[in-house]
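Heads up: the structure comes next, in structure tokens.
Nothing in this text is a laboratory measurement; each read-out follows from the coordinates by a stated rule. Everything quoted here is computed from the prediction, not taken from an experiment. Neighbour counts run over all protein chains shown; Cβ positions are idealised from the backbone, glycine included.
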Amino acid sequence: VVAFHSFSTVRSKYRCPKGGKGYYELEILEVDRAPQFGFASAAFERVSGATNNGVGDDRASWAVDGVRKMKWHAETQAFECTWLAGDVVGLACDLVNMRMLVSLNGSFDPPNGVVFELASDDVQDGLFAAFTGDSGRVRCNLGRAEPFRHAPPGDDFRAFAHLDDAGTEGWT
């Protein structure tokens with residue numbers, strides 16, 4: 001469980017490499033006022049201390065926000081989805097077809113489903129599961145300790161906890 005007390009970001013230890021497909025889930029325990037859930041490349045700037053940049057605020061990351069109803073990748077776009085406490089947000093990166101997919105409580109139906117087409121140059125050598133929050137609480141499931149509550153978009157998606165990416169850094 002991650003409890004946010006200031007605008008901060010968490011990133012997974014493992015990354016989904018190009019040519020792979022990764023999935024993880026975030027259960028919303030307490031609604032955040034500024035959630036940004038998604039993925040980040042290795043180029044996402046790491047900052048020790050306060051910053052106003054979260055996942056999706058640059059070209060090295062992508063995020064969705066079901067509170068402010070926005071999609072984030074260097075700029076914002078409308079995302080007409082609403083998240084409530086108890087919802088489970090599924091996040092998938094398909095680095096074969098170069099896209100990001102989102103589900104809400106297991107549904108990939110619009111406005112969820114494919115939310116970003118990814119540029120190969122921005123993805124670089126793969127994506128980390130990453131999410132930013134300001135005030136809420138989420139339960140992150142990378143697929144190691146417990147099964148997913150909902151299915152990923154296909155049988156060929158792997159849990160982030162099972163991606164083998166030796167040499168990557170721990171949680172930040």
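Side notes on the structure shown:
- Furthest towards positive pole of dipole, 115, 97, 150, structure part the chain, Cβ charges: 150
- Computed 3J(HN,Hα) for segment 121-138, one whole-Hz value per residue from the Karplus formula 6.51 cos²θ - 1.76 cosθ + 1.60 where θ = phi - 60°, is 5, 6, 5, 6, 9, x, 10, 9, 5, 8, 8, 10, x, 10, 8, x, 9, 10, glycine and proline marked x.
- Computed packing ranks the peptides 151-162, 55-66 as 55-66, 151-162, most packed first, by mean other Cβ atoms within 10 Å.
- Of all lysines in the structure, the ones whose alpha carbon falls short of 26 Å from that of residue 69, not counting any fewer than 8 places away in one chain, are 21.
- Quarter of Cα convex hull surface for the chain, i.e. mean projection, nm²: 8.6 nm²
- Remark: the residue 68-residue 13 segment gains 17.0 nm on full extension, using 0.36 nm per residue and subtracting the alpha carbon distance.
- For the chain: relative contact order, % (alpha-carbon pairs under 8 angstrom, 6 or more apart): 39 percent
- For the Cα trace of segment 64-113, dividing Rg by the Kirkwood Rh returns an Rg/Rh value of 0.97.
- Efficiency of FRET between residue 48 and residue 135 - r from beta-carbon atoms, R0 30 angstrom, step 0.05: 0.90
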